[in-house]
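Structure record follows, encoded as structure tokens.
The values are calculated or read from the model by the stated rules, or taken from the named source; none is laboratory data. Since we're looking at a predicted model, the values are computed, not measured. For neighbour counting, all protein chains shown are included, and Cβ atoms are generated from backbone atoms with ideal geometry for every residue, glycine included. Accessible surface is based on the protein model in full, side chains and every heavy atom, while ligands, DNA and RNA are left aside. Shrake-Rupley method; radii C 1.70, N 1.55, O 1.52, S 1.80 Å.
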Amino acid sequence: MSDSASIPTPDRNDEDFWAAVMTLLEPAWSEPAEDEAFAMDDQVLDAVRPLAQRISTRVQAYRAADRPFDAALMAAPDVQLALLRALYEAKRSVDRMAESAATVAGRSGASYTQLGAAWGGIKRQSARLKWPHAVAKRTAGESIPLRYAGGTAAIHHDPDADAWWYTAVTADGRTDESEAVHPTYPEAIARATEFLLSPAGPAAS
């Protein structure tokens, strides 16, 4: 395991921040402990329970009758089926986020071997089949597409400036276009990802 004291931790405004951030660390993570995995179960259940209650036919009937929801209703088999349906939606959400994370990592220098290791230890070939566009061959004149957090971006190279720039559209429709000032495509990807994850500003009055 890497000695955390030897890993650079520059501030966001430091000149070497992006160079440090876009340098792939090995190992990239430590294995979660068993209690951490079980705690994740509880967090997932907390996340999907509200959806299960919204789509449950039985809970809808209680709501229509203006009757309070009793936690004991969760024991009903039909409510458990609604929970199962909500868990399926959670799985779809996880798959979408995994594709986004794999694409950002792959387009920023991670290999299919590393992606497979992160996804529970699947083999390189399986990772390639799961995320066929995550790791792409790049040329200086090729734009690099990116999807993340429901938004999209494209990373472009400006041969005159010998620098990279991006265009991006967030899930809520905000757009951004950078100047051709990023010295490497991983930095441009990082900046585009930062914008796609940024919260919307206050609404215009």
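Can you tell me which of (1) open to solvent by less than 80 Å² (accessible area, probe 1.4 Å); (2) at pLDDT 90 or above; (3) not polar (S, T, N, Q) is the one residue 36 doesn't meet?
(1)
Hey, does segment 139-152 have a residue that's out of contact with any Phe, Trp or Tyr (no Cβ under 8 Å at 6 or more places or on another chain), within 26 Å of residue 37 (Cβ to Cβ) and hydrophobic (A, V, I, L, M, F, W, C)?
yes
Among the residues in segment 24-33, are any in a helix (DSSP H, G or I), among the hydrophobic types (A, V, I, L, M, F, W, C) and loosely packed, with under 10 Cβ neighbours inside 10 Å? Walk me through how you get there before you give the answer.
Step one: list which residues in segment 24-33 are in a helix (DSSP H, G or I), which gives none.
Checking segment 24-33: not a single residue is in a helix (DSSP H, G or I), among the hydrophobic types (A, V, I, L, M, F, W, C) and loosely packed, with under 10 Cβ neighbours inside 10 Å.
Can you name the residue in segment 169-181 that is aliphatic (A, V, I, L, M) and crowded, with 16+ Cβ neighbours inside 10 Å and is also nearest to residue 103 (Cα to Cα) among such residues?
Among them, the one singled out is 169.
Could you tell me whether any residue of segment 159-168 is surrounded by fewer than 20 Cβ atoms within 10 Å (Cβ to Cβ) and on the phi > 0 side of the Ramachandran plot?
yes
Looking at 175, 170, which is the one that is touching a helix residue (DSSP H, G or I) at 6+ places or on another chain (Cβ under 7 Å) and farther than 20 Å from residue 109 by Cβ?
It is 170.
In a loop (DSSP other than H, G, I, E, B) and either acidic (Asp, Glu) or in contact with a strand residue (DSSP E or B) (Cβ under 7 Å, 6 or more places away or on another chain) (or both): which single residue out of 15, 36 fits that description?
Numbers: 36 fails: in a loop (DSSP other than H, G, I, E, B).
Result of the check over 15, 36: 15.
Considering (1) among the aliphatic types (A, V, I, L, M); (2) free of Cβ contacts under 8 Å to residues at least 12 places away in the same chain; (3) more than 30 Å from residue 120 (Cβ to Cβ), say which one residue 59 fails and leave the rest.
If we test residue 59 against (1) among the aliphatic types (A, V, I, L, M); (2) free of Cβ contacts under 8 Å to residues at least 12 places away in the same chain; (3) more than 30 Å from residue 120 (Cβ to Cβ), just (2) comes out false.
Output the helices (runs of 4 or more DSSP H) that fall wholly within segment 70-153 and possess 1 or more residues being basic (Lys, Arg) and either modelled with pLDDT under 90 or open to solvent by 80 Å² or more (accessible area, probe 1.4 Å) (or both), or say none.
Details: elements: 77-107, 112-118, 124-130.
Per the criteria, 77-107, 124-130.
For residue 14, state whether it is free of Cβ contacts under 8 Å to residues at least 12 places away in the same chain, surrounded by 10 or more Cβ atoms within 10 Å (Cβ to Cβ) and not hydroxyl-bearing (Ser, Thr, Tyr).
Numbers: free of Cβ contacts under 8 Å to residues at least 12 places away in the same chain: yes; surrounded by 10 or more Cβ atoms within 10 Å (Cβ to Cβ): yes; not hydroxyl-bearing (Ser, Thr, Tyr): yes.
Yes, satisfied.
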